Amino acid sequence: MTLQKKEMTATNLYELEVAVDKETFEAATVDAYRKNVKKMTVPGFRKGKAPKSIIEKMYGKGVFYEEAVNACIPDAYEAAIKEAALDVVGQPEFDVASIGDEGLVLKIKVYTKPEVKIEGYLGLEAERTDREVTDADVEEEINRVRERNSRTVDVTDRAAAMGDTVNFDYEGSLDGVAFDGGKAEKYNLKLGSGQFIPGFEEQIVGKQIGEEFDVNVTFPEEYHAENLKGKAAVFKCKLHGIKMTELPELDDEFAKDVSEFDTLDAYKADIQAKIGERYKKAADSAFEEALMDVLVTKMEAEIPEVMYEAETENYVRDYDSRLRMQGLDLNTYFKYTGMTLDQLRQQMRPQAERQVKVRLALEAIVAKENLTVAEADVDAEFQRISEAYNVPLDQVKSMIKAEDLEKDLLVKAAADLVKEKAVPVAPKAEEAEAKEEN
């Protein structure tokens, strides 16, 4: 196979012509004949026994050309790209320039990675917000643990209070007439949960077990049942039982029960440290995102549309994979959400565009800084992936090319360089207040 032509016809667009020699193409037509002859009927011959030359006379010289061309394309394309030394992006377009007894000539259109210019990528400024761990943060985390270790106990010596779970009967009526769906017996309701319409739960507070009472409420104007919207109703109720959630005492024994620590102070210190680490990771991630947004503004490149399209499809496939892990797929997702594939692509397009730009910028830095990765680092990354996904090392290496992994590590090295030299700046006062509120 020989590269006959390499021509840039537009920015980042090349047209190649590659010749497939007579012998190679003839061998491909013979293979196509062998695969298809059993399905072809020729008068005077048993099915599957007609010679290739007879079939070609009967159906035409090119009867096997299409399959032969398709068989030749992979090797011809790989050879052409290698000889042309092009860094191709997106899917190539193929056409037949000539075909016949002398062989095959293919036309191939390919897009290549754009030339990227980047300056001023060291010492970038980006906003960073570091959040301090407060006593309230620690208390909130401890209360979650107390809730998980709580127990429910019956209350018999007092009236119902907010936070209790009450068991009661109720029957609702409008102007003395009961309505559908307004009745239940031995119903369990946690007071303060907001499960019932506004004003209902508050009127159970203070009631004793065995007490019968009326709850007077007005249904909201936006209530789902048309016949009840904005209507005043009376619910006749009877309280059968009260339960409360009893939290464990906050002491050293609690710390021993729920952690590896012997004292409450040590447990609190550990919680504070873990929350602090979580806040730091969040701040690091947000800072890196902001930094990459600044970085792409330092880059100049004419990026082919096919790169954005290909990355968008990657995002769609990744989303489909995540859905399948949850027992769903894209078709089911579209059915329930009313969204279409094109709408999903449109939704994911901005993120895909950003990813393409960031990757190109970092690859340009790799080249400009002459960054390298040691073979030991590549091996270590293979090992990390193997352990993270519980997949045998040999299988990981068969799935991922070492050169692709090396490229990813180089991009990471470029990102680390940008972060190392970056200058974090505090957000403006109003922005900081908004982030605190969120």
Hey, could you check segment 245-256 for residues that are outside any loop (DSSP other than H, G, I, E, B) and at pLDDT below 95 and say which is farthest from Gly192 (Cα to Cα)?
-> Glu246
Tell me, yes or no, whether segment 126-141 has at least one residue that is buried (at least 17 other Cβ atoms within 10 Å of the Cβ), touching a residue at least 60 places away in the same chain (Cβ under 8 Å) and closer than 30 Å to Asp87 by Cβ.
-> yes
What do you reckon, is Lys236 in the same structural domain as Val177 (by TED's automatic domain parsing), among the basic types (Lys, Arg) and within 30 Å of Asp157 (Cα to Cα)?
-> yes
What is the number of the single condition among (1) aliphatic (A, V, I, L, M); (2) more than 24 Å from the chain's Cα centre (by Cα); (3) over 30 Å from Leu13 (Cβ atoms) that Ala301 does not meet?
-> (3)
Go through segment 402-430 and count every residue that is loosely packed, with under 15 Cβ neighbours inside 10 Å and of a type in the set (Gly, Ala, Ser).
-> 3
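One line per residue, one yes/no per condition, for (1) at pLDDT below 95; (2) under 30 Å from Leu122 (Cβ atoms); (3) not aromatic (Phe, Trp, Tyr):
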| position | (1), (2), (3) |
| --- | --- |
| Met325 | yes, no, yes |
| Thr332 | yes, no, yes |
| Gln347 | no, no, yes |
| Ala352 | no, yes, yes |
Would you mention how many residues in segment 277-298 are within 18 Å of Glu139 (Cβ to Cβ) and buried (at least 16 other Cβ atoms within 10 Å of the Cβ)?
-> 1
Contact list, first residue from segment 192-212 and in contact (Cβ under 8 Å) with a residue 12 or more places away in the chain, second anywhere and assigned to a loop (DSSP other than H, G, I, E, B) and among the polar types (S, T, N, Q), beta-carbon distance below 8 Å, six or more apart or interchain, is Glu201/Ser193; Glu201/Gln195; Ile209/Thr156
Among the residues of segment 84-106, which ones are surrounded by 14 or more Cβ atoms within 10 Å (Cβ to Cβ) and over 37 Å from the mean Cα position of the chain (by Cα)?
-> Ala97, Ile99, Gly103, Leu104, Val105, Leu106
Starting from residues that are among the acidic types (Asp, Glu) and surrounded by fewer than 16 Cβ atoms within 10 Å (Cβ to Cβ), keep the ones in segment 3-29 and report whichever is farthest from Leu104 (Cα to Cα).
-> Glu7
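To keep it simple, each residue is scored yes or no on (1) assigned by TED's automatic domain parsing to the domain that holds Tyr14; (2) in contact with a Cys (Cβ under 6 Å, 6 or more places away or on another chain); (3) outside any loop (DSSP other than H, G, I, E, B); (4) under 26 Å from Asp404 (Cα atoms).
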{"position": "Lys49", "(1), (2), (3), (4)": "yes, no, no, no"}
{"position": "Lys57", "(1), (2), (3), (4)": "yes, no, yes, no"}
{"position": "Asn70", "(1), (2), (3), (4)": "yes, no, yes, no"}
{"position": "Pro74", "(1), (2), (3), (4)": "yes, no, yes, yes"}
{"position": "Lys82", "(1), (2), (3), (4)": "yes, no, yes, yes"}
{"position": "Asp95", "(1), (2), (3), (4)": "yes, no, yes, no"}
{"position": "Ser98", "(1), (2), (3), (4)": "yes, no, yes, no"}
If you go through segment 367-377 one residue at a time, do you hit one that is within 19 Å of the chain's Cα centre (by Cα) and within 30 Å of Leu122 (Cβ to Cβ)?
-> no
Search result, residues across segment 338-360 that are in contact with a Phe, Trp or Tyr (Cβ under 6 Å, 6 or more places away or on another chain) and of a type outside the set (A, V, I, L, M, F, W, C) | Glu353
Determine which single condition Ala160 fails, assuming it passes every other condition in (1) within 32 Å of the chain's Cα centre (by Cα); (2) surrounded by 12 or more Cβ atoms within 10 Å (Cβ to Cβ).
-> (1)
Options Val316, Val296: the member that is among the aliphatic types (A, V, I, L, M), in the same structural domain as Val418 (by TED's automatic domain parsing) and closer than 25 Å to Ala422 by Cβ = Val296
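The values are calculated or read from the model by the stated rules, or taken from the named source; none is laboratory data. Keep in mind that what you see is a predicted model, and the values were worked out from it rather than measured. With ideal geometry, Cβ positions are generated from the backbone for all residues, glycine too; neighbour counts draw on all protein chains shown.
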